[in-house]
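See structure below.
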Amino acid sequence: MKNLFSNLKGDLFGGITAGIVALPLALAFGVSSGMGPSAGLYGAIFIGFFAALFGGTNTQISGPTAPMTAVSMIVIAGIVAINDGNLEKALPAILTVFLLAGLMQVGLGLLGLGKYIKYIPYPVVSGFMTAIGVIILITQILPSLGYYPKEDKDYVKDFIPQAEELILENILREEAGEGILVLEDFKETIDRAESISENDIMDEAKTLAAKEASGVLGALKVLPNALNNINWLEVILALSTIIIIYGFKRITTAVPSTLVALLVVSGVAFGFGLSYRPIEAIPSGLPIPNLEIFTNLKLGSIMPYIFTAFTLALLGAIDSLLTSVVADNMTKTKHEPNKELVGQGIGNSIAAIFGGIPGAGATIRTVVNIKAGGKTKLSGMVAGLLLLVILLALGPVASQIPAAVLAGILVTVGIGVMDYKGLKAIPSLPKDMQVGPLKLSSEVMVMLIVLILSTFWNLVYAVGIGLIIASLMFMKKMGDLTAERSNVKTLKKEKAWADEDNFPKELLDKVFIKHIKGPLFFGSTSDFQQLAKQIPNSASTVIIRMGRMQYMDQSGLYAMEDVLVDLKKENINVLLVNVLKQPRYMMERIDIIPDLIPKEHIFKSFDDCVAYVKNNNNNNI
């Protein structure tokens, strides 16, 4: 507790500054997620406070971030779609997934897996971050133009037949569930259908229209409609926000330009009574826990999102620990990665219970905190408390913020989150693989695959596919390099070692010496497996020198077993020289020693082996 208040003035100023920076971003991420501005604010409050309190990075400021929001959008849109487009109905399942992600993060921390996050390949992270930027930019085009698909009557009209079909399917499904569906008599079906109003059909059509226009592909599909229905006031508000954000930075960085843009553009729009579209109303009063997460829990509704929840947990871990490294570099301290994951998990779990979207350590907000004087956990807690005060005191005022302003803020976030360092490196990375006639860089290929799949298909699966491809490529590279160093050559390419110069000449046709230099593993077994086929008929003994083979994996073990079995079938005697500890242990586990190689055929030195060969020449060779 003493350490918590050791830098009271600096932490108060740092926390207040970081909280002010977080406000417009929290509102924008909430709107972007599909759950509304209040969800973003709740996430910033609870994650910011509890991640700071329980985390392992003293200066970290946490809250909703672009990557976490982009993945959250997938969860929210998917669950809303299967709940008839009703967010309120879908909310318990959505928040349960977010709660699960938070608990998974706590689990990652308790299992001590924080230190392994650094092994995520850079091309995967780079492709993902750039995709996040592209997704945000494209999806914010529509609100920046003032176009909302479900409010376009001409666009929605095309979905009315599909809406009627879906409503009828639901009626039939209800009747089947109640056991009253009779194919010979549709009277009950007709009665229920007659109770459906035109407004019900139109609401369903609007839901279908919004779903069709969601995501990158959806936004691009309806872009022509948006360009034909531009609301120039919304465009001006969005552009003004973007111009102020970038322009004010050139004047000073002491005051957050995002906040300046929010206040100036919103103030002008509200003050002059312009007919703009405001954000959704932010509830006043203290946040209330959503207990339906526990009372209405249905495993069936969240099972399809288990992997997505794990991705959220993993992504939040990466996001947070990367920010922790930045904080370490600035403060010359050392964070505790596992403790940080536990703190982030607790923060995300509590935020989910109160209806907030998930988040992670936020780099820009953390840097602002440090530069403003923050040094201890108190700074992050102050940032969370400040946002709570703003919610309680200014909720009705914040509800008047134009939606186009938040769209403009998100456009700048999308531009800023892309990995320009990785993109600039594309031409200079070595082209180490060939696909047909083309030479490509394997790292660039992984980055582009993740970028394209994340942008146009699925963020979650794209990261998984990227990790698998990157891992396979890494294994191949390591296999090639180690095999090259291992020098596991065919017999025809074997060169005698120095101590073999005096080997008895009369035995050269009868004894072949095989060298294994380096590990025998999955990348170096192919040549070794040809050993039995390469030995001429005149040979009756093979000496395998293993003193430079430090390691044998399971692939190498079974390759060795196959070779020894083949040699035994050919009645060829096998002698092993200087078998090291790990390979011997492996060979004993599956009884290669002593079933295939008796212990008397294993020698500590080459000289001992040669002496054995000489002594047994007449009898065994």
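Values in this text are rule-based calculations from the coordinates and carry no lab data. Just so you know, these numbers come straight off a predicted model, no measurement behind them. When we count neighbours, we look across all protein chains shown, and the Cβ atoms used for this are built from the backbone with ideal geometry, even at glycine.
Here are some notes:
- Those aspartates and glutamates that a straight Cα-Cα span of less than 17 Å connects to LYS569, excepting residues fewer than 8 apart in one chain: GLU561, ASP595
- Checking the Cα-Cα distances for LYS9/LYS375; LYS533/LYS581; LYS150/LYS298; LYS510/LYS599; LYS476/LYS514 against a 19 Å cut-off, the pairs over it are LYS533/LYS581; LYS150/LYS298; LYS510/LYS599; LYS476/LYS514.
- Cα gyration tensor, the range 346-411 - rounded (a/c under 1.5), prolate or oblate: prolate
- Simple spin-label estimate for LYS298 and LYS533 gives 6.0 nm between the two label positions (7 Å along the Cα-to-Cβ direction from each Cα).
- For the range 66-212, the spherically averaged projection of the C-alpha convex hull amounts to 13.1 nm².
- Two tests apply to each whole DSSP H helix in the chain, Cα reach of 15 Å or more along its axis and mean Kyte-Doolittle hydropathy of at least 1.6, and the ones passing both are 37-54, 66-81, 87-110, 122-139, 257-271, 377-398, 403-417, 442-456.
- In this simple spin-label approximation, LEU227 and GLN162 carry label points 7 Å from Cα along the Cα→Cβ vector, and these lie 2.2 nm apart.
- Computed from label points 7 Å out along Cα-Cβ, the spacing between PHE503 and LYS89 is 8.0 nm.
- The trypsin sites (Lys or Arg not before Pro) of the range 348-440 that DSSP puts in a loop, and whose beta carbon has at most 12 other beta carbons within 10 Å, are LYS431.
- Exceedance of the 20 Å cut-off in Cα-Cα distance is limited, within the set LYS334/LYS377; LYS339/LYS371; LYS371/LYS424; LYS431/LYS477, to LYS339/LYS371; LYS371/LYS424.
- The orientation-averaged projection of the convex hull spanning the C-alpha atoms of the range 152-229 amounts to 6.2 square nanometres.
- Only helical runs count toward this figure. For the chain, summing -39,500 (n - 2.57) over DSSP H runs of n ≥ 4 and dividing by all residues gives -20500 deg cm²/dmol at 222 nm.
- Two-decimal log10 I(q)/I(0) for the chain, as the Debye equation yields it once each C-alpha is a single scatterer, q = 0.07, 0.10 Å⁻¹: -0.60, -0.91
- Based on C-alpha pairs under 8 angstrom that are at least 6 apart in sequence, the chain has a relative contact order of 26 percent.
- Largest first, the three principal axis extents of the alpha carbons in the range 12-138 are 43, 36, 30 Å in whole numbers.
- Mean separation of Cα contacts under 8 Å, 6 or more apart, over the residue count of the range 367-459: relative contact order %: 10
- Here the gap between LEU263 and LYS424, fully extended at 0.36 nm per residue and compared with their Cα-Cα distance, gives a gain of 54.4 nm.
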